[in-house]
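Colleague: Pasting a structure below so you can have a look.
The values are calculated or read from the model by the stated rules, or taken from the named source; none is laboratory data. Note that the structure is predicted; figures quoted are calculated from it, not measured. Cβ coordinates were reconstructed from backbone atoms using ideal geometry, including for glycine residues, and neighbour counts include every protein chain displayed. We work out accessible area using only protein heavy atoms, side chains counted, and drop any ligands, DNA or RNA first. Shrake-Rupley method; radii C 1.70, N 1.55, O 1.52, S 1.80 Å.
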Amino acid sequence: LGLVTVLVLGYGIMYNFLEISWKSLVKRQYPDPLDYQRFMGNFSSIVGLATFVVIFLGSNIIKILGWRVGALATPAVMSIVAIPFFACTVFLGVENPAVLHSATMIGTAMILLSRSTKYGLFDPTTQMAYIPLDEESKVKGKAAIDVLGSRVGKSGASLFQQGLVVIFGNIIDASPAVMVVFYAVSIGWMMAANKLSVLYLSMAKEEKEKKKQ
């Protein structure tokens, strides 16, 4: 359960970091409130369609490639797609309109993939991790992790970013610090997923053997 908590916290922190930075760029790209709302409306529609496709593909990915690949897919995708995003915000600077536009579009793809892989791969693999547990652990552990884990991850990330805004003035100028923490959390998440994979496969194997007996 501790490892599952790390996974849930990892997603909450990483996604919150990306979303706040991305929304800040979108507001710069579309300073008019109507243009901003129109962009976000179109984005929500695309997310719905992409999520449907990834959920369909995700079940097949887990069946064919296994639980480990399914569990590692979300942090891997988020980490890889974030590279060009942070390249724009940290190294190139978004004062240039062309760089701002590129960063906004890359960020949009990044958030789209982050949400889609969460619903299509992260959520199913996390739910599967509860299956080999005893009934009490399933009920109590799942409730605690689902409610507290996700909220603590998001709240912690928000508080951290508020601190960065106080220090740097805005979240975009704080991008170097956000990038360091983002990838540190990503490494921790992937290490936890690897360890959980070993435990999950071992417990699933024991469960199968019990059923045969």
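Colleague: Pulled fully out, how much extra length does the chain show between Y183 and E95, if you take 0.36 nm times their separation in residues and subtract their Cα-Cα distance?
Modeller: On the way: separation 88, 0.36 × 88 = 31.68 nm, distance 2.44 nm.
In short, 29.2 nm is gained.
Colleague: Also, quick follow-up: Can you divide the C-alpha Rg of the chain by 2.2 N^0.38 Å and report the result to two decimal places?
Modeller: Cα Rg divided by the expected 2.2 N^0.38 Å: 1.11.
Colleague: Give a residue-ordered list of calculated ³J(HN,Hα) values for the range 44-54 (Karplus: 6.51 cos²θ - 1.76 cosθ + 1.60, θ = phi - 60°; whole Hz; x for Gly, Pro).
Modeller: 4, 5, 5, 4, x, 5, 5, 4, 4, 5, 5
Colleague: Sort L201, L49, L18 from largest to smallest accessible area, using a 1.4 Å probe on the heavy atoms of the protein chains.
Modeller: Per-residue accessible area, sorted high to low, gives L49, L201, L18.
Colleague: Give the calculated FRET efficiency between Y30 and F168 to the nearest 0.05, with a Förster radius of 22 Å applied to their Cβ-Cβ distance.
Modeller: 0.45
Colleague: Can I ask one more? On full extension of the chain, what length is gained from L199 through D123, given 0.36 nm per residue of separation minus the C-alpha to C-alpha distance?
Modeller: So the extension gain works out to 25.6 nm.
Colleague: Just add up the charged neighbours of G70: K/R +1, D/E -1, any other residue whose Cβ is under 14 Å from the Cβ of G70.
Modeller: Result for the local shell: +2.
Colleague: Based on the Cβ-Cβ distance from M40 to L65, what FRET efficiency comes out when R0 is 22 Å, to the nearest 0.05?
Modeller: 0.05
Colleague: Not counting ligands, DNA or RNA, and with a 1.4 Å probe, what is T5's accessible surface area in Å² rounded to the nearest 10?
Modeller: 40
Colleague: Next question. Could you check how much of the accessible area of the chain is carbon and sulfur, as a whole percent, using a 1.4 Å probe? Could the numbers behind the result be given before it?
Modeller: Working: 7660 of 11210 Å².
With neighbouring chains kept in place, the figure for the chain is 68 percent.
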